[in-house]
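Enquirer: Right, I'll just put the structure down here and ask away after.
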Amino acid sequence: MTAPDPTVQAMIEGRRADTGRRRQRVLTALAQATKDGSDVSVAAIARRAGVDRTFLYRHRDLLGQIHAQAAEPPTAPGGRGPAVSRASLQADLLAADARTARLVGQVRRLEARLSEVLGEQVWRESGIGGPEDTEQLKARITTLEQQVIDLELKLQERDDDLAAARAANRELMAQLNRHPD
């Protein structure tokens, strides 16, 4: 075997040193983002470290560390506990959407009920609508019908009495007209 060309060997060593510096910048950027609670994503870490995203995709160990850190809930600055994560915000948004859908349904039911009540009120107040207590009115109608029947019977009796009185009057007039004294 032949000895490697010193120029090529120098380029390989320079490339390894550049890769090492880039890796160190990525690890520093990841640690700083974790510490201050800023966004941990491939694009954000690449931008912060001053490297191309393809560099991160070529180095799977760095990419794995970024994804692992992104999955962890970030801590709030000052170590006060977990800060808001993207997943928690999405869960909150889904819960808010579900609550909004429930409230929209409830508002629609209430609007329908209000429409019914207002419609009934307008119907009654206009005089077109039916009475409120039909049973009471039916009983009143039955009472009035009975009174009408009773009055018709009394009227019939009086008509019969009047007819009898007229007949007696005619008979008396006829007797008076036959026997003049």
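The values are calculated or read from the model by the stated rules, or taken from the named source; none is laboratory data. Worth saying up front: this structure is predicted, and the values here are computed from it rather than measured. Cβ coordinates were reconstructed from backbone atoms using ideal geometry, including for glycine residues, and neighbour counts include every protein chain displayed. Areas reflect the complete protein model, heavy atoms only, side chains present, ligands, DNA and RNA absent. Shrake-Rupley method; radii C 1.70, N 1.55, O 1.52, S 1.80 Å.
Enquirer: Between (i) 47, 37, 24; (ii) 48, 39, 30; (iii) 182, 40, 24, which entry matches Cα extents along the principal axes in Å as derived from the coordinates of this structure?
Expert: Here Cα extents along the principal axes in Å agrees with entry (iii).
Enquirer: Among Leu114, Ile149, Leu30, flag the residue with its Cα farthest along the positive direction of the charge dipole of the chain, charges on Cβ as +1 for Lys/Arg and -1 for Asp/Glu.
Expert: Leu30
Enquirer: Per residue, what accessible area does the chain have, given a 1.4 Å probe and all protein chains present, in Å²? Before the final figure, lay out each step's value.
Expert: Numbers: 14780 Å² over 181 residues.
Ligands and nucleic acids excluded, the figure is 82 Å² per residue.
Enquirer: Moving to a separate point now. Of the options Ala49, Ala98, Gly127, report the single residue whose Cα projects farthest towards the positive end of the charge dipole of the chain (beta-carbon charges: Lys, Arg +1; Asp, Glu -1).
Expert: The residue sitting farthest along the positive end of the dipole is Ala49.
Enquirer: Starting from 0.36 nm per residue, how many nanometres of slack lie between Ala43 and Asp133 once their C-alpha separation is accounted for? Before the final figure, lay out the partial values.
Expert: Numbers: separation 90, 0.36 × 90 = 32.40 nm, distance 7.45 nm.
Extending this stretch completely gives an extra 25.0 nm.
Enquirer: Based on Cβ point charges of +1 for Lys and Arg and -1 for Asp and Glu, what charge dipole magnitude is obtained for the chain about its Cα centre, in debye rounded to the nearest 20?
Expert: 2560
Enquirer: Taking the Cβ of Thr7 as the center, what net charge do the other residues with Cβ under 14 Å away carry, scoring Lys and Arg +1 and Asp and Glu -1?
Expert: Details: positive: Arg15; negative: Asp5, Glu13.
Net of charged neighbours comes to -1.
Enquirer: Right, something else. Any chance you could run the full-extension gain for Arg113 through Leu153? It's 0.36 nm times the residue separation minus the Cα-Cα distance, nm to one decimal. If you can, show how the numbers build up before the last one.
Expert: Values: separation 40, 0.36 × 40 = 14.40 nm, distance 5.11 nm.
Length gained, Arg113 through Leu153: 9.3 nm.
Enquirer: Mean Kyte-Doolittle of at least -0.5 and a Cα length of 27 Å or more along the axis: which whole DSSP H helices of the chain meet both?
Expert: On the way: long enough: 6-36 (44 Å, -0.83); 86-126 (58 Å, -0.29); 134-178 (65 Å, -0.67).
Helices meeting the span and hydropathy rule in the chain are 86-126.
Enquirer: Among 90-103, 51-64, what's the highest-first ranking by average C-beta atoms within 10 angstrom per residue? Could the numbers behind the result be given before it?
Expert: Working: 90-103: 10.1, 51-64: 14.0.
The densest-packed peptide leads the list: 51-64, 90-103.
Enquirer: Which FRET efficiency value, to the nearest 0.05, do you get for Asn169 and Glu145 by plugging their Cβ-Cβ distance into 1/(1 + (r/R0)^6) with R0 = 25 Å? Working shown, then result.
Expert: Values: r = 36 Å, r/R0 = 1.43.
Efficiency for this residue pair is about 0.10.
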